[in-house]
Amino acid sequence: MPPVKKILFFVPCTPYFPSGIVRVEQFFNLLEKDGYAYELLNMIHPRSQMLLERLDRSAWGKQKITDFVIRVAIHLVFLPYQYLQMLKVAAQANKFDIIFIQSNLMPAPIVDFIQRKNPRIIYDFDDAVFLRNQARAIHIISKAWKVFAGSHYNLDFARRHNPASILIPSAVDLAEYPPLTANPERSDPIRIGWIGGASTLKYLRHLVAPLENLARKGYHLQFLITGSRGSEKLIPRVEGVELKVIEEYTHAEIPSLADKMDIGVMPLDDGPWEKGKCGLKLLIYMAAGKPCLSSPVGENQIIIRDGENGFLASSAQEWEQQLEALISNPDLYQRIARQGRKTVEEHYSVMKVYEMIRAELVDA
């Protein structure tokens with residue numbers, strides 16, 4: 001019997017950073033079945049994230065000066081913990097077959113020390129982290145044994161610094177989403193849904209005019225917003241449209257939230273950070289059998305084949321037209337819903353993506 005291979009996963013901070021769940025934890029059962037052992041380390045102390053979330057909801061967090069001062073204080077108090085965690089990885093590196101670093105950017109000397117003890121470093125990133133600290137990103141990518149990029153935009157950057165870079169898309173566990181009914185039905189009012197967080201509420205401004213125009217045409221709509229996390233002041237008001245806000249949710253609640261929607265939306269700005277996103281919202285909507293619309297930015301243009309498994313909208317007029325088409329045409333609604341689900345089944349399910357990951361682990 002071959003010896004068990006051990007992997008050390010070093011993630012930002014689960015469950016506060018969903019990438020640790022989506023890119024790492026949801027594959028643990030499959031890794032165990034294939035005979036891998038693993039350990040998980042957070043870089044950031046969970047208590048620091050808990051305090052930051054409390055700040056977001058507090059009166060102090062609503063004032064720019066106090067918000068800034070308290071955030072800096074929290075960061076400084078917990079910064080030593082981050083370095084201790086990095087050093088812990090370095091100290092244990094030679095005890096594992098693979099060191100899997102998810103998104104974390106570390107000082108070059110620490111990366112070099114880890115690599116000397118264990119050259120089999122996999123660096124995985126699903127956001128354009130190189131925009132935050134390009135020097136650190138380039139260094140860890142160039143030193144990695146392999147690089148897993150979550151989007152084509154991120155992959156292009158990674159390949160400039162490491163030819164052993166491949167695309168590993170984010171995945172959705174279809175076991176958590178019930179199979180589609182023969183004819184997916186819509187509710188009344190029609191629920192236009194969005195799943196996100198406080199930092200991405202700003203993108204919802206792209207939907208205000210389209211939704212208001214549809215309401216003026218007599219469509220009965222509800223705008224379902226999940227993930228505001230105490231930032232309700234950033235939520236746009238849409239005249240004539242019922243607003244329902246769910247402030248917080250856990251990863252386990254995402255399938256049930258998506259099931260409450262009729263149409264899923266993912267508006268984005270067309271900027272460098274947005275181009276690095278992996279389109280996970282779209283995959284969630286598709287897995288739940290909900291037709292989706294998105295801005296034609298980054299990986300969204302890869303996931304969505306416009307008019308086939310979803311729609312791309314680059315202007316307020318296009319958002320309005322595509323939403324109206326889905327609302328007014330039941331056959332189109334059902335066709336797009338089925339094709340979206342099929343897209344996830346064929347390309348973005350946990351099993352499909354795990355097969356890609358497993359192929360990269362075999363020669364460790």
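With respect to the cross-link table entries K6/K281; K202/K352; K88/K143, which display a Cα-Cα separation exceeding 21 Å? Exceeds cut-off: K6/K281; K202/K352. Each label was represented as a point 7 Å from its Cα along the Cα-to-Cβ direction; for R116 and D331 these points are 6.9 nm apart. Using Cα centres only, tell me the gap between region 170-234 and region 131-161 in whole Å. A separation of 32 Å, based on Cα centres. Annotation: amide H-H contacts under 5 Å for F100 (H modelled 1.01 Å from N, sequence separation of 5 or more, or interchain): L8, F9, F10, I122. Each Cα pair under 8 Å and six or more residues apart adds its separation to the average, and for the chain the resulting relative contact order is 15 percent. For a straight C-alpha distance cut-off of 18 angstrom, the aspartates and glutamates reachable from K244 (same-chain residues fewer than eight places away being disregarded) are D188, E212, E232, E253, D259, D262.
One decimal place: the segment F68-L40 gains 7.0 nm when fully extended, by the rule 0.36 nm per residue minus the C-alpha distance.
Couplings 3J(HN,Hα) for region 210-216, derived from phi with the Karplus relation 6.51 cos²θ - 1.76 cosθ + 1.60 (θ = phi - 60°), are x, 5, 5, 5, 5, 5, 5 Hz, where x marks Gly and Pro.
Between L234, L282, L268, the GNM of the chain built on Cα springs shorter than 10 angstrom shows L234 fluctuating the most. Summarising the amide proton neighbourhood of M266: residues at separation of 5 or more, or on other chains, whose placed amide H is nearer than 5 Å comprise L293, S294, S295. Within straight cross-link reach of K95, meaning Cα distance under 15 Å, which aspartates and glutamates are found once same-chain residues fewer than 8 apart are removed? K95 reaches E39.
The distance from the alpha carbon centre of region 44-123 to that of region 271-285 is 23 Å, rounded to a whole number. Taking amide H atoms as placed 1.01 Å from N in the peptide plane, the amide H of E242 lies under 5 Å from those of L221, F223, each 5 or more residues away in sequence or on another chain. Converting phi to 3J(HN,Hα) with the Karplus coefficients 6.51, -1.76 and 1.60 and the offset θ = phi - 60°, region 275-284 yields 5, x, 5, 9, x, 4, 4, 4, 5, 5 Hz in sequence order, with x at every glycine or proline. Nearest 10 degrees, 0 to 90: what angle lies between the long axis of helix 330-343 and the longest principal axis of the chain (Cα atoms)? Taking Cα atoms only, the helix is inclined about 10 degrees.
Given a Förster radius of 25 Å and the C-beta distance between D259 and R305 as r, what FRET efficiency does 1/(1 + (r/R0)^6) yield to the nearest 0.05?
It comes to 0.55.
For region 102-108, putting each phi into the Karplus relation 6.51 cos²θ - 1.76 cosθ + 1.60 with θ = phi - 60° gives couplings of 9, 6, 4, 10, 10, x, 3 Hz, in residue order, rounded to whole numbers and with x for Gly and Pro. Among residues other than V11 whose Cβ falls under 12 Å from its Cβ, what is the net charge (Lys/Arg +1, Asp/Glu -1)? The answer is -3.
Mean sequence separation of contacting Cα pairs (under 8 Å, at least six apart), scaled by the length of region 174-348, corresponds to a relative contact order of 23 percent.
Just to confirm a number: summing +1 for Lys and Arg and -1 for Asp and Glu over residues other than Q26 whose beta-carbon lies under 11 angstrom from that of Q26, what do you get? My count for the surroundings of Q26 gives -2.
Here the simple spin-label model places points 7 Å from the Cα toward Cβ, and for K6 and Y81 these points are separated by 2.5 nm. Counted by neighbouring Cβ atoms within 10 Å, the residues R116, R237 run from fewest to most as R237, R116. Build a GNM of the chain with springs between Cα atoms under 10 Å apart, and of V265, V297, V241 the one that fluctuates most is V241. Each other residue within a Cβ distance under 13 Å of E253 adds +1 if Lys or Arg and -1 if Asp or Glu, for a net charge of -3.
Since every read-out is calculated from the coordinates, none of them should be taken as a lab result. Keep in mind that this is a model prediction, so the values were computed, not measured. Cβ sites come from the backbone with ideal geometry, for glycine too, and all protein chains shown count toward neighbours.
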